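Read through the structure below, which is laid out as structure tokens, and then see the notes.
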Amino acid sequence: MVKLYEGGAYLVDGAKIIEDGPEQEKILQSMKGQAVSKEEAAKNTMAYHILKAHNTSDSMDKLQIKFDKLTSHDITFVGIIQTARASGLEKFPIPYVLTNCHNSLCAVGGTINEDDHMFGLSCAKRYGGVYVPPHQAVIHQYAREMLAECGAMILGSDSHTRYGALGTMAVGEGGGELVKQLLSQTYDVNMPGVVAIYLDGKPEDGVGPQDVALAIIGAVFGNGYVKNKVMEFVGPGVEHLSADYRIGIDVMTTETTCLSSIWKTDDKVKEFYDIHGRGEAYKELNPGEVAYYDGVVYVDLSKVKPMIAMPFHPSNTYTIEELNANLMDILEDCEKRALVSLDGKVDFTLKDKVRDGRLYVDQGIIAGCAGGGFENICAAADILKGASIGADEFTLSVYPASTPIYMELAKNGRLADLMATGAIVKTAFCGPCFGAGDTPANNAFSIRHSTRNFPNREGSKVQNGQISSVALMDARSIAATAANKGYLTAATDMDVKYTNPKYYFDKTIYENRIYNGVGKADPSVEIKFGPNIKDWPSMVALTDNLLLKVASVIHDPVTTTDELIPSGETSSYRSNPLGLAEFTLSRKDPEYVGRAKAIQVIEKEREQDKCICDMAPDWKPIMKTIKAKFPEVHHTNTGVGSTIFAVKPGDGSAREQAASCQKVLGGWANIAKEYATKRYRSNLINWGMLPFLMPEDYDFEIDDYIFIPDIVKAIKEKNDDIKAYVVNKEMKELTFHLGDLTDDEREIILKGCLINYNRR
């Protein structure tokens with residue numbers, strides 16, 4: 001089904017793979033008449049050409065990218081614009097789309113969600129942007145329909161910013177990176193590796209894009225095969241997939257931890273652009289005659305089976321056939337994973353969902369940027385036509401990804417077919433993907449064609465004894481399960497005639513409702529601030545030395561951004577840095593906020609020129625130990641802050657708040673074995689936090705003191721090895737690493753945050 005090549009490989013004429021090795025030069029010469037160097041062939045990938053076209057530096061090793069367009073949603077755009085305003089923003093220099101698809105329900109915190117929307121509309125008018133009102137479209141569907149262009153690059157403040165299937169290289173990053181683009185600065189990244197995703201064969205009926213995506217994720221996530229690289233989709237199998245199908249695979253590439261994605265394009269992509277009235281956005285993209293890739297993921301589409309990603313990660317994958325055949329063993333494994341993911345705080349089991357040897361599901365959801373596409377929903381309607389979902393616990397909700405899709409489903413009758421079964425069809429909304437919509441009952445099990453199934457993402461509050469869980473599946477198998485009234489069923493087990501209706505896009509829906517102010521900035525427009533919209537608190541520059549106190553220790557193999565700052569109802573407070581910070585690590589380490597605040601009190605006093613020892617007598621012996629070795633240490637040159645240790649933090653969302661909330665609470669650093677994604681590390685840097693790496697094993701404990709002398713000097717001198725000391729009665733020396741930092745990133749850290757950097 002999926003095979004990973006051990007090393008690099010050449011792709012010849014877009015079809016033949018030649019593995020890198022002693023014979024490759026001879027083979028290439030016999031085929032093409034001349035030897036082709038690896039360096040030259042690496043320049044023949046689609047990714048290389050697009051990156052080169054957008055690179056403003058003199059080096060293709062150290063890229064400085066300027067994007068063509070930006071996009072954000074209502075969890076992120078307030079903080080981004082507030083940061084840019086504090087840094088001198090006058091107008092949006094490139095098209096910037098503000099969608100309202102996350103806090104759409106306006107159900108928590110009184111007026112604050114709609115206040116954010118009105119903030120967005122007023123900013124679109126003042127600075128010259130695009131405003132998409134709630135329920136019109138989810139962020140990525142609007143981008144596909146109205147923004148994508150072959151050969152273009154788009155930066156979005158949502159991790160699933162992926163439009164590679166439409167020939168657009170898109171990157172999901174934290175808000176700080178969008179701020180840089182708004183200030184006409186660059187996105188700085190080393191030239192990423194490029195991995196070929198070679199598709200062969202054709203999927204059988206009932207196998208959908210989520211099945212293909214989960215098969216790939218299961219093969220590459222754990223080993224980091226594509227981490228921070230570009231996934232380039234090639235091979236003869238591509239032509240057997242519709243544009244909608246490709247989009248469904250592409251959006252899930254985020255869950256592999258890759259940097260971006262790009263696909264070769266053809267007449268099916270051209271048809272997509274033509275349908276949406278944007279034929280000029282199409283051009284054919286293909287790798288060169290001989291292209292070199294840093295790795296190859298070979299996918300035989302004909303062998304992909306209906307898949308399921310069990311709790312608590314999209315990489316925890318099985319075929320549905322395998323799950324049904326080994327049900328109790330796999331459910332036992334889920335319980336073991338729960339002990340790690342949920343810290344044993346609740347009793348978790350899915351074994352009570354087994355009825356007469358079959359797994360019963362409480363809820364099905366088809367939604368958002370992954371599941372809410374036209375073809376997914378039409379296929380689900382074909383499977384369910386004439387059936388009933390039953391009158392028991394099982395429920396089914398369907399969220400078309402945009403109003404134009406909703407309208408066409410109404411016109412072609414699929415909407416009526418779905419509703420007749422007992423399913424509920426709702427408006428475009430991302431809530432089910434992050435725990436703000438269709439939250440299951442306690443102990444319930446939900447299957448979803450959405451993007452993630454991390455712990456707590458579906459609405460659980462472990463500290464309150466509330467737990468439910470999500471498995472990811474394709475819309476087709478969710479519909480098959482619904483047709484069997486909640487008993488887990490693969491779509492390939494159903495006898496279905498798929499009708500594959502043609503899609504017609506009605507552009508008047510957007511013309512009548514979307515505010516488009518691109519190129520029409522009006523500085524006379526007053527920005528509308530609701531009472532919850534707050535400015536960022538002031539942040540001080542990095543001090544010569546640092547004294548950190550460990551406020552949380554997380555030993556999980558991977559820590560998600562949902563655990564660092566929970567999603568769901570907390571999203572309503574994302575426009576209020578101090579308010580949101582109260583939720584930091586609340587579902588993973590509820591005591592963290594109190595510990596961090598206690599440390600921050602000392603730092604605030606220090607900033608008022610008060611002696612650390614006078615303010616905190618319990619710190620006095622620590623300072624005495626430090627001064628015995630470093631007598632020049634004083635409260636005027638030594639900042640105090642908190643830090644967390646996590647093995648591998650930052651998997652998942654691009655949300656900058658996973659880092660900014662720590663900073664707001666006085667955080668100065670993270671310590672990790674590695675960072676799960678580039679975007680989380682970038683978020684730390686943009687908020688002036690040190691992204692320390694520590695390869696050696698050390699068992700940190702909460703309330704450990706860590707002293708880092710001459711940190712400013714080390715950063716200015718571009719040192720990678722940073723001496724640090726765990727301080728008790730003695731000082732235990734450790735070595736931290738900072739990894740590769742650009743000159744601008746070093747300056748951001750020295751200044752204390754991106755806002756300070758831009759005020760220089």
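Values in this text are rule-based calculations from the coordinates and carry no lab data. No experiment lies behind these values; they were computed from the predicted model shown. Cβ: placed from backbone, ideal geometry, glycine included. Neighbour counts: every protein chain shown.
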>> Among the listed pairs Lys16/Lys648; Lys229/Lys351; Lys66/Lys751, which have their C-alpha atoms separated by more than 29 angstrom in this model?
In response: Lys16/Lys648; Lys229/Lys351
> Over the chain, what number does the Rg to Rh ratio reach, with both radii from the alpha-carbon atoms and Rh per Kirkwood?
Replying inline: 0.97
> Percent relative contact order of region 326-508, based on C-alpha pairs within less than 8 angstrom and at least six residues apart?
Replying inline: 27 percent
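Round to the nearest 0.05 the FRET efficiency obtained for Glu90 and Gln463 when R0 = 60 Å and r is the Cβ-Cβ distance.
0.85
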> So what is the calculated 222 nm ellipticity per residue for the chain, using -39500 (n - 2.57) for each DSSP H run with n of 4 or more, over all residues, to the nearest 500 deg cm²/dmol?
Replying inline: -8500 deg cm²/dmol
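What relative contact order, as a whole-number percentage, does the chain give when Cα pairs under 8 Å and 6 or more residues apart are counted? Present the calculation step by step, with values, prior to reporting the outcome.
Values: 1823 pairs, mean separation 109.2, N = 760.
Reported as a whole number, the value is 14 percent.
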> What percent antiparallel are the DSSP beta bridges of the chain, to the nearest 5?
Replying inline: 40 percent
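Take the alpha carbon gyration tensor of region 326-508, find the square roots of its eigenvalues, order them as a ≥ b ≥ c, and report rounded if a/c is under 1.5; if not, report prolate when a/b exceeds b/c, else oblate. Walk me through the numbers on the way to the answer.
Details: a/c = 2.41, a/b = 1.60, b/c = 1.50.
Since a/c reaches 1.5 and a/b is larger than b/c, the shape of region 326-508 is classed as prolate.
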>> Below 17 Å, Cα to Cα, which lysines can Lys534 reach? Residues fewer than 8 away in the same chain don't count.
In response: Lys663
> Once amide H atoms are placed 1.01 Å from N in the peptide plane, what residues at a sequence separation of 5 or more from Thr559, or on another chain, have their amide H within under 5 Å of its amide H?
Replying inline: Lys648, Gly650, Asp651
> What's the extension gain from Val340 to Tyr698 if we count 0.36 nm per residue and subtract their Cα-Cα distance?
Replying inline: 126.9 nm
> Could you state the number of Å between the C-alpha centres of region 559-579 and region 260-333?
Replying inline: 30 Å
> Remind me, relative contact order of region 545-758 in percent, using alpha carbon pairs under 8 angstrom and six or more residues apart?
Replying inline: 26 percent
> Is the shape of region 67-188 best called rounded, prolate or oblate, per the rule: a/c under 1.5 gives rounded, else a/b larger than b/c gives prolate, else oblate, with a ≥ b ≥ c the square roots of the Cα gyration tensor eigenvalues?
Replying inline: oblate
> Taking Lys716 as the anchor, which aspartates and glutamates have their alpha carbon closer than 16 Å to its alpha carbon, excluding any fewer than eight residues away along the same chain?
Replying inline: Asp544, Asp740, Asp743, Asp744, Glu745, Glu747
>> Suppose the chain between Cys613 and His240 were pulled fully straight at 0.36 nm per residue; how much longer would it get relative to their current alpha carbon spacing?
In response: 127.3 nm
> Restricting the count to DSSP beta bridges whose residues both fall in region 67-188, what percent are antiparallel, rounded to a multiple of 5?
Replying inline: 5 percent
> In terms of Cα to Cα distance under 21 Å, which lysines are near enough to Lys729, apart from those fewer than 8 places away along the same chain?
Replying inline: Lys549, Lys620, Lys624, Lys627, Lys629
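If packing is taken as the average number of other Cβ atoms within 10 Å across a peptide's residues, how do 454-461, 1-8, 520-527 rank, most packed first?
Working: 454-461: 25.1, 1-8: 15.1, 520-527: 12.1.
The peptides rank, most packed first, as 454-461, 1-8, 520-527.
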>> Of all beta bridges DSSP finds with both residues in region 297-411, what is the antiparallel percent, to the nearest 5?
In response: 55 percent
> Applying the Karplus parametrisation 6.51 cos²θ - 1.76 cosθ + 1.60 with θ = phi - 60° to the phi angles of region 424-431, what ³J(HN,Hα) value in whole Hz is obtained for each residue in order, glycine and proline being reported as x?
Replying inline: 10, 9, 10, 7, 4, 6, 8, x
> Which net charge results when you count Lys and Arg as +1 and Asp and Glu as -1 among the other residues whose beta-carbon is under 14 Å from that of Pro306?
Replying inline: -4
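Within the set Lys52/Lys718; Lys385/Lys497; Lys353/Lys497; Lys125/Lys528; Lys43/Lys303; Lys336/Lys673, which residue pairs have Cα atoms separated by over 21 Å?
Details: Lys52/Lys718 27 Å; Lys385/Lys497 10 Å; Lys353/Lys497 31 Å; Lys125/Lys528 11 Å; Lys43/Lys303 32 Å; Lys336/Lys673 23 Å.
Long pairs (Cα-Cα over 21 Å): Lys52/Lys718; Lys353/Lys497; Lys43/Lys303; Lys336/Lys673.
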> For region 69-120 and region 746-760, what is the separation of their C-alpha centers, rounded to whole Å?
Replying inline: 23 Å
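Assign one of three labels to region 661-712, namely rounded, prolate or oblate, based on the Cα gyration tensor with a ≥ b ≥ c the square roots of its eigenvalues; rounded applies when a/c is under 1.5, prolate when it is not and a/b is larger than b/c, and oblate otherwise. The partial results should precede the final answer.
On the way: a/c = 1.56, a/b = 1.19, b/c = 1.31.
Since a/c reaches 1.5 but b/c is at least a/b, the shape of region 661-712 is classed as oblate.
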